[in-house]
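Here's the structure, in structure tokens; my notes come after.
Every number in this text was worked out from the coordinates using simple rules, so none of it is lab data. This is a predicted model, so every value here is computed, not measured. Glycine also receives a Cβ, built like all others from the backbone with ideal geometry; neighbour counts cover every protein chain displayed.
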Amino acid sequence: MKKLGVIFIFGILISLSFISSQEGTIGVSYCAERTVSGAWCQNVPLDKVDKSLRYVPTSCEATSYCKLGTCIDSKEGICMENTPQKVCQDAGGLWDEKESDEIAQCNLGCCSLGDQAAYVTQTRCRQLSSIYGLESDFNPSVSSESACILSASSSVKGACVYERDLQKTCTFTTQENCLSGDYGDSVDFHEEYLCSAEVLGTDCSRTKNTKCVEDKDEVYFLDSCGNLANIYDSSKIDDTLYWTKVVDKEESCNPNSNNAGSSSCGNCDYYLGSTCKEYERSKDRVNPSYGDNVCRDLSCNYDGEKYQHGETWCADVESVSSISPDFENGNPESENLPGSRYFRLVCYNGEVSVESCGDYRQKICIESDIEGFSTAACRVNKWQDCIGQDNQLDCENSDRRDCMWIEGVELVGISGGSKTGVEEREKAFAGSSDESTRGQPFSGTGNAIFDMDGEEVEEREEGVGSCVPKYAPGFNFWSSSEAESICAQASIECVVTYETGLGGGKECVDGCECLQSSWIGERNNLCVSLGDCGASLNYVGVEGYYDEEALYSRSGEEDKTDEE
Amino acid sequence: MERIFKEEKRELNKIEGSMNNKKGQVTIFVIIGVVLVVAAIVIFMFWPQIRTSFAISSDNPEIFLKNCLEDEVNENLEIISLQGGSLSPQHYFIYDGNKVEYLCYQEENYIPCVVQRPLLKNHIENEISNSIQNTGGKCLDSLKENLEKRGYSVTLNKQEFETEILPGKVVISTNSSISAKKDESNYNYGSENKLNVILDNNLYELSTIAISIISSEVEYGDSETTNYMNYYRDLKVEKKEQSEGTRVYILTDTEREEQFMFASRSVVFPPGYRG
């Protein structure tokens with residue numbers, strides 16, 4: 001059978017191309033003793049070297065003058081790692097090429113100073129003892145800072161009774177201090193007794209005055225001699241027992257509350273969100289029943305919401321993804337827009353401060369909530385190897401990377417599960433070294449999968465897709481051509497095939513989806529998901545230089561006749 | 001009739017006299033007011049010199065030196081605090097109009113910073129000492145001159161000024177000695193003990209926290225600001241991420257309203273793969 005027919009293939013080349021610029025060249029790196037900007041011991045290109053000082057075309061680690069090690073401040077007992085030899089010695093320090101944990105002088109231990117503790121070196125412990133005039137005790141066997149701080153215990157205090165001007169008086173202090181001789185030879189120490197205790201028969205009596213004490217959270221009653229008594233509790237103002245012996249914080253009023261805004265209880269707690277402060281009408285809700293001090297509420301009000309003291313949370317910025325532990329996939333059209341950043345907000349002492357997670361969304365803000373207390377952090381955006389993943393499981397392995405799988409849409413140059421294809425793709429994503437191909441779109445149809453050479457490998461299968469960054473990173477596309485290489489991964493040339501029937505009409509037979517406007521949007525979404533690519537608004541809502549239509553072009557119509 | 005006129009005239013004179021008295025009082029008040037205003041202006045304009053002159057009457061050279069040095073030292077302390085511990089930073093990031101020195105810096109990406117000021121406390125002490133040598137010398141000369149004006153025969157042995165930053169204070173000291181003789185009176189200052197000038201400042205605590213943050217920047221490439229605020233109740237730590245990976249830290253003592261600012265660049269993730 002002779003089949004007559006003329007098949008015209010109209011090759012309509014549709015291309016999507018993206019913004020690019022030229023990449024700077026990276027020259028040989030020198031170890032500069034100092035750079036022209038004044039930084040010490042940096043590996044920099046020759047044009048950044050201060051040539052009046054030493055420089056050699058090698059890494060600083062290989063030089064004698066900029067070798068990194070530990071700098072020991074033998075007077076203060078402080079060890080600083082990653083310090084160049086020259087910088088340390090010029091500053092008057094002792095330099096050792098070993099790491100600090102291998103240097104005896106830098107070994108840390110628990111230094112007890114009065115009722116406080118610090119996890120420092122032995123020299124530092126001695127120095128702190130000398131500075132603060134306190135007896136110190138260094139314990140090198142304590143292996144962590146938290147254990148050290150927990151080990152700090154206050155010395156037992158009590159009523160130190162003595163005579164002054166023929167009057168029996170009292171000071172609330174430690175036994176050691178009481179017996180030091182400062183209060184004369186005839187002293188009596190009454191452990192855990194308050195000076196206001198009637199049984200002691202001193203001239204110190206209870207008052208209605210209160211006081212805030214440095215390094216303590218609570219409001220304390222004062223006796224008439226100015227000594228501290230127990231934690232302020234208005235219901236105990238006339239309670240003889242409460243003015244006789246020391247009552248622990250845990251046994252004082254409302255020990256599990258911060259007592260902010262309480263007029264009757266001064267059992268404040270910094271970690272629960274309050275601290276002792278002098279009453280101020282503008283800051284405190286209620287006036288204390290006695291005295292001038294209250295537990296001040298340290299929580300914050302932000303955007304109409306109340307946050308507890310110590311809470312941190314991610315800012316609700318329209319142009320970045322809102323991230324929570326159950327965050328799935330974002331919307332590339334409205335999130336992670338060019339110029340946007342992630343921010344962390346911090347509530348401390350009644351004030352909210354803003355911490356940016358940095359430019360180009362190289363860090364993202366993550367947040368979790370435990371029983372209504374939110375904690376947030378800026379952490380690295382692990383987007384770099386997304387494009388190298390060829391299956392959904394690897395792509396969405398959140399322990400390794402921050403990627404998402406887009407079903408049914410493929411980046412070009414992907415040869416299914418071919419290892420070579422993935423490697424090639426990663427290589428291309430990392431920046432093409434071939435100037436002639438960099439930024440050029442790949443050819444393909446909407447259905448076929450092509451390898452890097454443009455050869456058709458296989459037809460699209462069910463379940464195919466693309467692995468793209470979950471939080472699209474930013475690029476400095478105005479000064480580096482790397483953005484061009486990355487964005488080019490989403491560029492595609494789609495060949496549309498038409499068949500002309502005997503009646504003369506044309507019918508699209510292949511690649512027809514490329515003619516639909518939804519295809520352009522789909523490709524642009526893929527493009528935008530890669531980073532600052534494609535057509536989108538920026539973080540302040542201004543449109544970019546190109547819109548979707550400008551990134552789409554038809555070209556090259558070719559006729560082919562096939563006769564059998 | 002004439003009598004009536006005389007009496008009226010007398011009354012008028014009385015009223016006039018009383019009016020004149022009141023005018024006089026007003027004039028006196030105006031003069032006193034003007035004198036007070038002029039005195040206030042003079043005191044405002046020449047306060048340091050006046051204060052120094054008062055100080056000499058106390059015959060205490062430490063108070064004299066404190067009054068003489070205090071303004072300059074406080075001014076320098078403020079500059080040093082906002083510039084990462086240096087009066088003239090060599091390598092800095094401009095933040096809020098201040099040259100904030102890098103205490104730790106790494107030009108390359110992805111790797112931890114290299115410490116630029118390993119002995120920060122020592123460096124700050126040297127910066128303060130160097131900045132006041134000249135003024136300190138002039139203050140000693142001025143002290144000598146004041147004593148000589150009062151008839152003393154004065155011997156001055158000038159030595160350098162040293163600085164030590166301690167918790168809550170900055171101590172400026174010198175081994176200089178001054179002896180003054182007049183008739184039976186004989187004073188010796190600084191021969192046995194150093195002459196000390198003590199100023200309230202929290203640079204010690206703030207610089208110690210800065211060192212801790214730098215250690216964290218070296219070890220982890222970043223620091224967690226809330227750790228410090230949990231431990232130090234009156235401390236506010238702000239971390240301001242800047243372009244190109246620079247971080248500016250602002251440490252504020254909320255009680256004293258004193259600040260210390262410094263910059264760091266560590267483990268920077270550039271845009272794209274290479275930046």
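Listed values, structure above:
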{"quantity": "Test: residue in region A:381-390 that is farther than 30 Å from A:C276 by Cα, more than 14 Å from chain B (Cβ to nearest Cβ) and part of a loop (DSSP other than H, G, I, E, B)", "calculated": "yes"}
{"quantity": "Residue in region B:258-273 that is outside any strand (DSSP E or B) and acidic (D, E) present", "calculated": "no"}
{"quantity": "Any pair with Cβ under 8 angstrom, 6 or more apart, that starts in region A:122-138 at a residue that is away from chain B (no Cβ under 13 Å) and ends at one that is among the acidic types (D, E)", "calculated": "A:T123/A:E76"}
{"quantity": "Selection count, region A:74-88, where residues are closer than 17 Å to A:Q42 by Cα and more than 7 Å from chain B (Cβ to nearest Cβ)", "calculated": "2"}
{"quantity": "Residue within region B:214-234 that is part of a loop (DSSP other than H, G, I, E, B), touching a residue at least 12 places away in the same chain (Cβ under 8 Å), among the polar types (S, T, N, Q) and away from every other protein chain (no Cβ under 14 Å) present", "calculated": "no"}
{"quantity": "Candidate set from region B:251-273 (those that are farther than 26 Å from A:W383 by Cβ and either at the interface with chain A (Cβ under 9 Å from one of its Cβ atoms) or among the hydroxyl-bearing types (S, T, Y) (or both)); member that is surrounded by the most Cβ atoms within 10 Å (Cβ to Cβ)", "calculated": "B:T252"}
{"quantity": "Segments classed as strands (runs of 3 or more DSSP E), wholly inside region A:87-188, with at least 2 members that are under 34 Å from the mean Cα position of the chain (by Cα), crowded, with 18+ Cβ neighbours inside 10 Å and not aliphatic (A, V, I, L, M)", "calculated": "A:94-96, A:108-113, A:116-121"}
{"quantity": "Residue match in region B:185-206 (condition: assigned to a strand (DSSP E or B), closer than 30 Å to A:A117 by Cα and charged (D, E, K, R))", "calculated": "yes"}
{"quantity": "Number of the exception - B:Y95 against (1) away from chain A (no Cβ under 12 Å); (2) more than 20 Å from B:S243 (Cβ to Cβ); (3) over 20 Å from the mean Cα position of the chain (by Cα)", "calculated": "(2)"}
{"quantity": "Region A:195-214: number of residues that are part of a loop (DSSP other than H, G, I, E, B) and either in contact (Cβ under 8 Å) with a residue 12 or more places away in the chain or in contact with a helix residue (DSSP H, G or I) (Cβ under 8 Å, 6 or more places away or on another chain) (or both)", "calculated": "9"}
{"quantity": "Tally of residues being at negative phi and more than 11 Å from chain A (Cβ to nearest Cβ) across region B:70-92", "calculated": "15"}
{"quantity": "Output for region A:348-364, where each listed residue is over 13 Å from the mean Cα position of the chain (by Cα) and facing chain B (nearest Cβ under 8 Å)", "calculated": "A:Y348, A:N349, A:E351, A:S353, A:Y360"}
{"quantity": "Any hit, region B:169-185, residues being of a type in the set (A, V, I, L, M) and either within 11 Å of chain A (Cβ to nearest Cβ) or surrounded by fewer than 18 Cβ atoms within 10 Å (Cβ to Cβ) (or both)", "calculated": "yes"}
{"quantity": "Any hit, region B:103-124, residues being out of contact with any Pro (no Cβ under 8 Å at 6 or more places or on another chain), surrounded by 21 or more Cβ atoms within 10 Å (Cβ to Cβ) and more than 12 Å from chain A (Cβ to nearest Cβ)", "calculated": "no"}
{"quantity": "Single unsatisfied condition, B:G151 versus (1) buried (at least 21 other Cβ atoms within 10 Å of the Cβ); (2) part of a loop (DSSP other than H, G, I, E, B); (3) not basic (K, R)", "calculated": "(1)"}
{"quantity": "Test: residue in region A:48-67 that is assigned to a helix (DSSP H, G or I), at the interface with chain B (Cβ under 9 Å from one of its Cβ atoms), surrounded by 15 or more Cβ atoms within 10 Å (Cβ to Cβ) and not hydrophobic (A, V, I, L, M, F, W, C)", "calculated": "yes"}
